[in-house]
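Q: Can you keep this structure in mind? I'll have questions shortly.
The values are calculated or read from the model by the stated rules, or taken from the named source; none is laboratory data. The model shown is predicted, which means the values in this text are computed figures rather than measured ones. So basically every Cβ, Gly included, is an ideal-geometry build from the backbone, and we count neighbours across all protein chains shown. Side chains are part of the model used for accessible areas, which takes the heavy atoms of the whole protein and leaves out ligands, DNA and RNA. Shrake-Rupley method; radii C 1.70, N 1.55, O 1.52, S 1.80 Å.
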Amino acid sequence: METKAYQQSRYFHSVDGGNGIFLIYHALFNQPREVEESVVDFIHLFQEPKTLDEMADYCEGDIEEVVKTLTDLHLLEYEGNDELELLEALHEDFLTELKQGNRLQRLELAISNACNFGCKHCMHFLNNDFETRNSPELNMSAETAKESIDKFIEKVRSSENSLVRIHFGNGEPLLNWKTLLFVLEYCESIPDMQFFYAINTNLSLLNRQKAETLKKYKVKISTSLDGLREANDLIRVDSKGQGTFDKILSKIRLLESIEYPIDGFSVTVTDTNFALIDEQVIDLGTSLGVKDVSMDFDLVRSTAIPIEDCVNKIIDLRRYAHQQGLNFYGTWETPYRILMSHSWLSKPHAFCPSMEGKTIEFNVDGTLKTCGHTNTVVGNSLEFEKCFEQGSLYMQLIQRRLPGNNQFCKGCEIEGCCAGQCHVTLESAKKDSDLVQRTCELMKRTTKGLIVEYLQGREELNYG
Ligand code: SF4
Ligand code: SF4
């Protein structure tokens, strides 16, 4: 006789697709499944613990197999089981790997903290108190770049890996072409490592020679265009406050002309240009022949837009982009993407690669951070090794930010897949606590909206 009692997991959640199909998932382990309403009702029968024998009073037929499947998914648990304990045990293996440096892949080089543009919404300048936006002192020297690369690859080598991604940031990297070129040439002279390069640039300083060099080293180029001319020029301006649309577009054409076209562009939305962002931005992507358009709401300068309008804009533009054969995404997609494709039961994940311990940024002044946007310092390049010691600032930060460990997320319906969201949002919350609440609302409502899109057949899962 079966004596064990089963109980609905406190992490069980379901989303109604409005068409008789529901998505059920575990708020820590994800593992989504599409089911009919009867399965949701069945799980609800376990709100109070019940044995299989007791369940015979409620259901006809053999329910053992169903209960086993739901227990494997952790949507039903044996009474008294604690899923958080299981997750904490999985964290241990992850932290051991982190300490060994096995996870390290991506070196962010703050090639230049300067920028020749004057965008008011720029987080880089809102987060850092530079006296000026553009000065040679804000550039990284070739010596610092070399030391940073040497330290990083030494660690990667020691964990018997040989693949390194170098990302050029942090203001406008093309302002420091000399160091950038040095890095490309230096890395190519290191025989036992394979390098991949990427750059975030406003493109304004690109000329044919630089474009050919980026092509030669296969540097993946990311740039921004905040809508059509009117929308872009309201917020993306040069140091004199002049619009930049035509300049950026001419550089995109330059890259096209040397057969090194960009894959996509990013759109920043603020209170100022929100009304002007519509399907035309997707049409612009189509006319430029790109595959990807990403869109994000500026953290501090989009607070006048009601969340509902943000979510509607996301869903409408994503639908339209998919109809046109373009990818359309943004930070708002992250919880949905992780929910549908990741689980700690098979592989560790966090909100972003930097929170997964894959990235370290080396800055001009020798400080180390987990990415190029945060201002939380986790170490110094002179003592890079110390980052990987038990209890270091770096180890503490990554551990604190793992799914299940973000204290303020306890009980949230997307706790596992959102995992406390972008660290920069949390930093900004120190100045304005409403910002986190607002972004949480955006994440939760967008995730739900995308799930409904999926259940209604308008979302395909292409996540690797
Ligand atoms: S950051 Fe907000 S939305 Fe994300 S898991 Fe935490 S509480 Fe939920
Ligand atoms: S912490 Fe935020 S800004 Fe930094 S890499 Fe992660 S998502 Fe991006």
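Q: Which lysines, on any chain, are close to Lys369 with Cα under 25 Å apart, when same-chain ones fewer than 8 places away are left out?
A: Cα-Cα hits under 25 Å: Lys99, Lys120, Lys146, Lys151, Lys155, Lys178, Lys220, Lys347, Lys358, Lys386, Lys430, Lys431.
Q: Here is a further query. Can you list the HN-Hα couplings for region 224-236, worked out from phi with the Karplus curve (6.51, -1.76, 1.60; θ = phi - 60°), rounded to whole Hz and with x for Gly and Pro?
A: Taking θ as phi minus 60°, the curve returns 10, 8, 8, x, 6, 3, 5, 5, 5, 6, 6, 10, 9 Hz for region 224-236.
Q: Using a 1.4 angstrom probe, figure out how much accessible area the chain has per residue, in square angstrom, rounded to the nearest whole.
A: 46
Q: Round to the nearest 10 and report in Å² the accessible area of Met340, as given by a 1.4 Å probe over the protein chains' heavy atoms.
A: Roughly 30 Å² of Met340 is accessible to a 1.4 Å probe.
Q: Where Lys and Arg each count +1 and Asp and Glu each count -1, what net charge lies around Lys146 among other residues with Cβ under 14 Å from its Cβ?
A: -4
Q: Once phi is turned into ³J(HN,Hα) by the Karplus curve 6.51 cos²θ - 1.76 cosθ + 1.60 with θ = phi - 60°, what whole-Hz value does each residue of region 165-172 show in order, with x for glycine and proline?
A: Along region 165-172, the couplings run 9, 10, 10, 8, x, 9, x, 10 Hz.
Q: So who's got an amide H within less than 5 Å of the one on Phe196, skipping anything under 5 residues away but keeping other chains? H placed 1.01 Å off N, in plane.
A: For Phe196, the qualifying residues are Val164, Arg165, Ile166.
Q: Okay, next question. Give me, ordered by chain and number, the residues 5 or more places off Leu76 or on other chains with an amide H under 5 Å from its own placed amide H.
A: Ser9, Thr71
Q: Starting from the Cα gyration tensor of region 1-109, take the square roots of the eigenvalues, sort them a ≥ b ≥ c, and report rounded, prolate or oblate (rounded when a/c is under 1.5, otherwise prolate if a/b is larger than b/c, else oblate).
A: Taking the square roots of the gyration eigenvalues as a ≥ b ≥ c, region 1-109 is oblate.
Q: So for Asp278, Asp298, Asp62, Asp129, what's the accessible-area order with a 1.4 Å probe, most first?
A: Asp129, Asp62, Asp278, Asp298
Q: Which of the GluC sites (Glu not before Pro) found in region 134-231 are in a DSSP loop and have at most 15 neighbouring Cβ atoms, other than their own, within 10 Å?
A: Glu160
Q: Quote the charge dipole size of the chain about the Cα centre in Debye, to the nearest 20; the model charges only the Cβ of Lys and Arg (+1) and of Asp and Glu (-1). Write down the numbers at each step before the final one.
A: Details: 48 positive and 72 negative charges, 489 e Å.
For the chain, the charge dipole is close to 2340 debye.
Q: Starting from the Cα of Asp150, step 7 Å toward the Cβ, then list every residue of region 94-122 with an amide N under 20 Å from that point.
A: Flagged as within label range: 107-111.
Q: Ranked from highest to lowest mean number of other Cβ atoms within 10 Å per residue, what is the order of the peptides 93-102, 168-177? Walk me through the intermediate numbers first.
A: On the way: 93-102: 16.4, 168-177: 24.9.
Highest to lowest by the protection proxy: 168-177, 93-102.
Q: Oh, and also: Counting pairs of alpha carbon atoms under 8 Å apart in space and at least six apart in sequence, what relative contact order in percent does the chain give?
A: 17
Q: Next up: Among DSSP bridges having both ends in the chain, what percentage is antiparallel? Round to the nearest 5.
A: That works out to approximately 45 percent antiparallel.
Q: Cα centroids of region 374-394 and region 426-443: how far apart, whole angstrom?
A: Result: 26 Å between the Cα centres.
Q: Give the long-range amide H neighbours of Ala5: residues separated by 5 or more places, or on another chain, with amide H under 5 Å away, using H modelled in the peptide plane at 1.01 Å from N.
A: Under 5 Å from the amide H of Ala5 lie the amide H atoms of Glu79, each far enough along the sequence or on another chain.
Q: Enter the angle in degrees (range 0 to 90, nearest 10) between the Cα long axis of helix 142-158 and the first principal axis of the Cα atoms of the chain, meaning the one along which they spread out most.
A: Relative to the chain, helix 142-158 is tipped by roughly 30 degrees.
Q: Quick one: Karplus J couplings for region 181-186, per residue in order, coefficients 6.51, -1.76, 1.60, θ = phi - 60°, nearest Hz, x for Gly and Pro?
A: Listing the rounded values in order: 5, 4, 4, 4, 5, 5 Hz.
Q: Using 7 Å Cα-to-Cβ label points, what is the Arg10/Asp263 separation (nm, one decimal)?
A: 4.1
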